[in-house]
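Here is the structure we will look at, set down as structure tokens.
The values are calculated or read from the model by the stated rules, or taken from the named source; none is laboratory data. Model, not experiment: these values are computed from the prediction. Note that each Cβ is placed from the backbone with ideal geometry, even for glycine, and that neighbours are counted across all protein chains shown. Surface accessibility is based on the protein's heavy atoms, side chains included, excluding ligands, DNA and RNA. Shrake-Rupley method; radii C 1.70, N 1.55, O 1.52, S 1.80 Å.
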Amino acid sequence: FFDHAIGINVPRSRFLPVKATSDLLLVQSDLYTLVDGFVIRNKDRANPTNPSIELGPEFKKVGNFLSRFKSIPSIIELDSLKVTGDVWFGAGIVLKGKVSIAAKPGVKLEIPDGAVIENKFLSYWVEADNVVWSSFDLKLMAPKTSERGPSASRSFPDFGVLQ
């Protein structure tokens, strides 16, 4: 097809494939750094495999993905992440273990700056004109916290450290 075309073999130590925004989250996170042209995995990660990351359609386009993060969360100790709905991440967030975050249709969920979320399923929805949030401990799948409030307040409650 192309005159004088040549192929080159680039080892995995020089790049990581980015086919979706979930891959982009991995590459932009603290899990990898670029040193002298080589992609180096953070030695603080004990698990030899990458975390499983599943982002909803709101994160599919790169522009939408980038606008939803003040900064990319720390994922060194993350095993899996699933995000669905209109979710926005503040700065300095740390994700650990298995994390699932779901905002129901019509609700914007803002994770506050500095939040540490570990082994949690977080859900947020509107019910009878009230905003309802719940937090489940993924180890037990039992409700840990729940709150209702006026629909005008749609930012994530300030939990501090979620463990």
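Condition check ((1) basic (Lys, Arg); (2) open to solvent by 40 Å² or more (accessible area, probe 1.4 Å)) across all residues:
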position: Val27; (1), (2): no, yes
position: Tyr32; (1), (2): no, no
position: Phe38; (1), (2): no, yes
position: Lys43; (1), (2): yes, yes
position: Gly63; (1), (2): no, yes
position: Leu66; (1), (2): no, yes
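Which members of the range 1-38 meet the condition of being free of Cβ contacts under 8 Å to residues at least 40 places away in the same chain and not in a loop (DSSP other than H, G, I, E, B)?
Within the range 1-38, Arg12, Ser13, Arg14, Ser22, Asp23, Val27, Tyr32, Thr33, Leu34, Val35, Phe38 qualify.
Count, please, the residues in the range 68-79 that happen to be in contact with an Asp or Glu (Cβ under 8 Å, 6 or more places away or on another chain) and open to solvent by less than 40 Å² (accessible area, probe 1.4 Å).
Counting residues in the range 68-79 that are in contact with an Asp or Glu (Cβ under 8 Å, 6 or more places away or on another chain) and open to solvent by less than 40 Å² (accessible area, probe 1.4 Å) gives 4.
Select, from Gly90, Gly85, Gly97, the only residue that is at positive phi and out of contact with any helix residue (DSSP H, G or I) (no Cβ under 9 Å at 6 or more places or on another chain).
None of the others qualify; the one that does is Gly97.
Step by step: first the residues of the range 45-61, then only those that are open to solvent by less than 30 Å² (accessible area, probe 1.4 Å) and assigned to a loop (DSSP other than H, G, I, E, B), then the one that is nearest to Lys82 (Cα to Cα). Which residue is that?
If we take residues in the range 45-61 being open to solvent by less than 30 Å² (accessible area, probe 1.4 Å) and assigned to a loop (DSSP other than H, G, I, E, B), then Gly56 is nearest to Lys82 (Cα to Cα).
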